[in-house]
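The values are calculated or read from the model by the stated rules, or taken from the named source; none is laboratory data. Fair warning: this is a prediction, and the values are worked out from it, not measured in the lab. FYI the Cβ positions are ideal-geometry reconstructions off the backbone, even for glycines, and counts take in every protein chain you see. Calculation scope for accessible area: heavy atoms of the full protein, side chains included, ligands and nucleic acids excluded. Shrake-Rupley method; radii C 1.70, N 1.55, O 1.52, S 1.80 Å.
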Amino acid sequence: PYAGNADAIAKGKLEYTNNCLSCHGTSAGGNGPAASALTPKPTNLVTALKDVTPGYFFWRTSDGGGMEPFKSSMPAFKGILSEEKMWQIISYIQSLN
């Protein structure tokens with residue numbers, strides 16, 4: 001809902017930096033400082049967002065990746081980040097395209 005909104009993108013960048021950068025890296029390529037210790041490796045979010053709907057991306061951000069078939073270290077942000085902040089992060093990642 002915030003695609004292209006400059007204020008949401010700026011807020012999303014801050015939230016991304018605080019919550020996602022360590023695994024997904026500065027350019028969301030899946031190569032953050034913690035990525036080498038994770039199996040499976042973090043997803044390239046820019047590429048992933050091209051392949052799925054924003055709604056799916058929101059669900060994965062909200063529910064994380066601990067369930068089948070993903071079995072990843074991606075934490076669930078539901079209850080940690082508001083829906084608004086998750087959408088702002090998605091808007092920021094969309095802006096990296």
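The angle between the Cα long axis of helix 54-63 and the longest principal axis of the Cα atoms of the chain comes to about 50 degrees, rounded to the nearest 10.
Taking 7 Å along the Cα-to-C-beta vector as the label spot, tell me the residue 38-residue 78 distance in nanometres, rounded to one decimal. Using points 7 Å along Cα→Cβ, the separation is 1.9 nm. Taking the Cα centre of the chain as origin and assigning +1 to Lys and Arg Cβ atoms and -1 to Asp and Glu Cβ atoms, the resulting dipole is close to 180 debye. Normalising the average separation of contacting C-alpha pairs (under 8 angstrom, six or more residues apart) by the number of residues puts the relative contact order of the range 1-56 at 21 percent. Taken per residue, the accessible surface of the chain reaches 56 Å², heavy atoms only and a 1.4 Å probe. Largest accessible area first, the listed residues 72, 62 line up as 72, 62 when surface is computed with a 1.4 Å probe on the assembled protein chains. Here the accessible area is traced with a 1.4 Å probe on the protein chains. For the chain, carbon and sulfur cover 56 percent of it.
Which label belongs to the value computed from this structure, given these candidates for volume of the Cα convex hull per residue in Å³: [x] 159; [y] 94; [z] 86? Of the listed options [x] 159; [y] 94; [z] 86, [z] comes from this structure.
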